[in-house]
Amino acid sequence: MPNSPLILSGKAVSAAIKEDLMLRIKKLAEQGIKPGLTAVLVGEDPASQVYVRSKERQSVQLGFKSIVMRLDASTTQEELLRIVEALNQDASVHGILVQLPLPAHIDDQLIIEAIDPEKDVDGFHPISVGKLVLGLDGFVSCTPAGILEILRYYNIQTEGKHVVVVGRSNIVGKPMANLMIQKRSMGNATVTLVHTRTPDMGVHTRQADILIAAAGVPEFIGADMVKAGAVVIDVGINRVDDASLEKGYRLTGDVNYEAVLDKVSAITPVPGGVGVMTIAMLLSNTVKSAENSLK
Ligand code: NAD
């Protein structure tokens, strides 16, 4: 009889998180504080425009003071640094988000490091990353933080489990692995991180109780790479050409969803899985920053 896995809905988790945020926003309002999120978008990158619009819409829905600064692609690094510095000084701004990637003439890392760590709601600043590694309270990169919330919501324990993370980017793979090794609830896992230089990756992925795929390679995790009964978290959001669709492409994850469905115990869909969580955690980090501003 075919297995019917639990479909881990990011939409359901995100709705629950937003409900909790609304209560916290109400309490902040009683103290005269409105969470302020300013997104800075440089240039015309179409995917970035879509992301920023979505962040703006959802933060407005929750009652944030939401501002999007749309800057010309020719904005210089010095101009952008000055803008970030002004946002650092503005007490009504609790979260600063500089949408990446920036145009090639601007050094992404330099800009990330210019953001006040107290307002680093993306969790990319070295101070935020350092706090994560040390197990201190700070802002955690939104996608891995969202994955933790999905596991928590569906009561999927990580303690003692073998978690295999595919991909070592600074925004997903590395923080994910670091979260999972922490000595606390939703941590305490044994973690393997595989990447492009790992020979025979399947040897590792087949041992995963929880497999987290964040490589950005469409549907490359097939049934032969997962253990029966594994929990699969698919972070990938890849555009694949599809002439049968009017828009000419479809979105797909890193996991071959149909191929693994009968084998796994739980899986996140794409879309509707991890992607939805990233914005929810950005909103959550901003509310946390607004609360911190009262301390
Ligand atoms: P990235 O390109 O910065 O990093 C990908 C990592 O995967 C690299 O470390 C690379 O070494 C590794 N990798 C690439 N090909 C591999 C292979 N064949 N085998 C093993 N490792 C391989 O990407 P990223 O920013 O971490 O994003 C990864 C994917 O997740 C992308 O599809 C991206 O669109 C998606 N993403 C989704 C969200 C979300 O909200 N769901 C957020 C961020 C990224």
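Observations, loosely collected:
- Residue selected from segment 177-191 under the condition crowded, with 18+ Cβ neighbours inside 10 Å and more than 28 Å from GLY95 (Cβ to Cβ), by the criterion farthest from the ligand (Cβ to nearest atom): ALA189
- Failed item in (1) open to solvent by less than 60 Å² (accessible area, probe 1.4 Å); (2) of a type in the set (Ser, Thr, Tyr); (3) near the ligand (Cβ under 9 Å from one of its atoms), with THR196 passing the rest: (1)
- Boolean, GLY160 is near the ligand (Cβ under 10 Å from one of its atoms) and touching a residue at least 12 places away in the same chain (Cβ under 8 Å): no
- Output for segment 32-80, where each listed residue is surrounded by 17 or more Cβ atoms within 10 Å (Cβ to Cβ) and of a type in the set (Gly, Ala, Ser): GLY36, ALA39, GLY43, SER48, SER59, SER66
- The set of residues from segment 130-176 being open to solvent by 10 Å² or more (accessible area, probe 1.4 Å), under 22 Å from SER9 (Cα atoms) and β-branched (Val, Ile, Thr) comprises VAL140, THR143, ILE156, ILE171, VAL172.
- Set side by side, the residues VAL84, VAL93, VAL98, VAL121 differ, and just one is touching a residue at least 60 places away in the same chain (Cβ under 8 Å) and surrounded by 16 or more Cβ atoms within 10 Å (Cβ to Cβ), which is VAL121.
- Test: residue in segment 216-223 that is buried (at least 17 other Cβ atoms within 10 Å of the Cβ), within 12 Å of the ligand (Cβ to nearest atom) and not hydrophobic (A, V, I, L, M, F, W, C): yes
- Boolean, THR192 is under 22 Å from LEU151 (Cα atoms), in contact with a helix residue (DSSP H, G or I) (Cβ under 8 Å, 6 or more places away or on another chain) and assigned to a strand (DSSP E or B): yes
- One residue from PRO218, PRO144, PRO117 being under 29 Å from PRO101 (Cα atoms) and within 17 Å of the chain's Cα centre (by Cα): PRO144
- Taking the criterion of being part of a strand (DSSP E or B), within 13 Å of the ligand (Cβ to nearest atom), under 19 Å from GLY10 (Cα atoms) and open to solvent by less than 50 Å² (accessible area, probe 1.4 Å), the residues of segment 234-269 that qualify are ASP234, ASN238, THR252, VAL255.
- Pairs where the first residue, in segment 199-227, is of a type in the set (Ser, Thr, Tyr) and the second is in a strand (DSSP E or B), C-beta under 9 Å, 6+ apart: THR205/VAL164; THR205/VAL166; THR205/THR192; THR205/VAL194; THR205/LEU211; THR205/ALA213; THR205/ILE221
- Residue in segment 35-45 that is part of a helix (DSSP H, G or I), over 22 Å from THR268 (Cα atoms) and not basic (Lys, Arg) present: no
- Per the listing GLY272, GLY202, the residue uniquely surrounded by fewer than 17 Cβ atoms within 10 Å (Cβ to Cβ) and under 16 Å from the mean Cα position of the chain (by Cα) is GLY272.
- Hits in segment 224-233 (condition: more than 10 Å from the ligand (Cβ to nearest atom), assigned to a strand (DSSP E or B) and open to solvent by less than 10 Å² (accessible area, probe 1.4 Å)): VAL232
- Residues being over 20 Å from the mean Cα position of the chain (by Cα) and open to solvent by less than 10 Å² (accessible area, probe 1.4 Å) - total across segment 19-31: 1
The values are calculated or read from the model by the stated rules, or taken from the named source; none is laboratory data. Just so you know, these numbers come straight off a predicted model, no measurement behind them. Note: ideal-geometry Cβ built from the backbone for every residue, glycine included; neighbour counts use all protein chains shown. When the accessible area is computed, the model is the full protein with side chains, heavy atoms only, and any ligands, DNA or RNA have been set aside. Shrake-Rupley method; radii C 1.70, N 1.55, O 1.52, S 1.80 Å.
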